[in-house]
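> This is the structure, below, for whatever I ask next.
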Amino acid sequence: MVETLNKRDRAALLRSRLAEAMQAAGSNQTALARAIGINRSTLSQLLKGSGARLPNAHLVGAAAQALGVSSDWLLGLSDRPESASALMANALTLTEAPRALVDEAIFGWHREAEGYKIRHVPAMLPDMFKTRAVLEWEYTPHLGRTTEQAINASTDRREWIRGSRSDYEMALPLYELASFAAGTGYYETLPRADRLAQLDSLIEESETLYPRLRIVLFDARRLFSAPVTVFGPLLAVLYVGRHYLAFRDRERITAFSDHFDHLTREATVRAHDFPAHLRALRRTCR
């Protein structure tokens, strides 16, 4: 949190941060004075003064622009020296989302957020809980001959994610598992035996890992969610198909966290009822 400063302290901080920014930018008084259109002696007096006098807004803004920092940081209104455009660039990144099991970006985010609660709305069934048969069925059309190698290569990373110190909360729409059990829609060509084995595996995982793993189901007729993952307080990642949109600013991370909390509050199937729901689906599997 940024402290409220009196005028004398703010003037002292401005002088200190101007000198720091000049050093970081490899600039000097002559170059900066020329860049902002003032006499070198005027700038020298500002840097060496000890009073409470502050320069006007135009001079502060021009100095900030010339040195590549923000005016707010120079004046002690922010703890971040980056300009607004730099802050925005760091707050939102666009990352390619290859059709892979555990790609480098996702694995890196999981490692970064280890120990924090991770909230996840998967695009379909979460890869980290799919059986080998389901992974082969799903990824062979995309990876072809390399499917086997891709599964083998991803095993260690998937196990690391499952065994990390993070707690996981997941929210899926009801229709996803209903369609899976019935073998309709996306899962139409997945053999019944593989679907039964997957349901059995998911029942075991959800019971064994509870409460570290909590899975709820929501009714998509009342609620909607795009695929999104919230990695603790660090970042929120929205999956849009070929790319991930990763947000690191607190406001958007909070918004995505609130969205996930709404899904869990309004869930039709609660986490402790999830295994029983799977068993009921299993009995209808055809």
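The values are calculated or read from the model by the stated rules, or taken from the named source; none is laboratory data. Everything quoted here is computed from the prediction, not taken from an experiment. Cβ placement follows ideal geometry from the backbone for every residue including glycine, while neighbour counts extend to all protein chains displayed.
> Given the conditions (1) modelled with pLDDT under 95; (2) of a type in the set (F, W, Y); (3) buried (at least 16 other Cβ atoms within 10 Å of the Cβ), which single one is not true for W160?
(3)
> Further question: Condition first: surrounded by fewer than 14 Cβ atoms within 10 Å (Cβ to Cβ) and touching a helix residue (DSSP H, G or I) at 6+ places or on another chain (Cβ under 9 Å). Now tell me which residues in the stretch 4-30 satisfy that.
A19, A24, N28, T30
> Looking at Y116 and the list (1) surrounded by 14 or more Cβ atoms within 10 Å (Cβ to Cβ); (2) closer than 30 Å to G163 by Cβ; (3) at pLDDT below 90; (4) touching a strand residue (DSSP E or B) at 6+ places or on another chain (Cβ under 7 Å), which single condition is not satisfied?
It is condition (3) that Y116 fails.
> Follow-up. Would you check which residues across the stretch 238-282 are under 22 Å from Y175 (Cβ atoms) and among the small types (G, A, S) and list them?
Across the stretch 238-282, the qualifying residues are G241, A267, A271, A276, A280.
> Name the residues in the stretch 240-283 that are more than 25 Å from E96 (Cβ to Cβ) and of a type in the set (V, I, T), would you?
Passing the criteria: T254, T264, T268, V269.
> How many residues are in contact with a Lys or Arg (Cβ under 9 Å, 6 or more places away or on another chain) and closer than 16 Å to A123 by Cβ when one looks only at the stretch 176-220?
Going through the stretch 176-220 one residue at a time, the tally reaches 3.
> Additional query: All but one of (1) crowded, with 16+ Cβ neighbours inside 10 Å; (2) β-branched (V, I, T); (3) free of Cβ contacts under 8 Å to residues at least 24 places away in the same chain hold for T184; which doesn't?
(1)
> Consider A236 against the criteria (1) buried (at least 19 other Cβ atoms within 10 Å of the Cβ); (2) closer than 25 Å to Y187 by Cβ: it satisfies all of them except one. Which criterion is unmet?
(2)
> Oh, and also: Can you pull out the residues in the stretch 256-277 that are assigned to a helix (DSSP H, G or I) and among the acidic types (D, E)?
D258, D261, D273, listed by residue number.
> So E148 clears everything in (1) in contact with a helix residue (DSSP H, G or I) (Cβ under 8 Å, 6 or more places away or on another chain); (2) under 27 Å from A276 (Cβ atoms); (3) at pLDDT below 95 except one condition, right? Which one?
Among (1) in contact with a helix residue (DSSP H, G or I) (Cβ under 8 Å, 6 or more places away or on another chain); (2) under 27 Å from A276 (Cβ atoms); (3) at pLDDT below 95, the lone unmet condition for E148 is (2).
> Let me ask something additional. State which residue pairs qualify: first residue on the phi > 0 side of the Ramachandran plot and inside the stretch 224-248, second residue crowded, with 16+ Cβ neighbours inside 10 Å and of a type in the set (V, I, T) in any location, beta carbons under 7 Å apart, and separation of 6 or more residues or different chains.
G232/I118
> Something else about it: Quick test of your reading of the structure: R222 fulfils all but one of (1) over 18 Å from F129 (Cβ atoms); (2) part of a strand (DSSP E or B). Name the failing condition by number.
With respect to (1) over 18 Å from F129 (Cβ atoms); (2) part of a strand (DSSP E or B), R222 is out only on (2).
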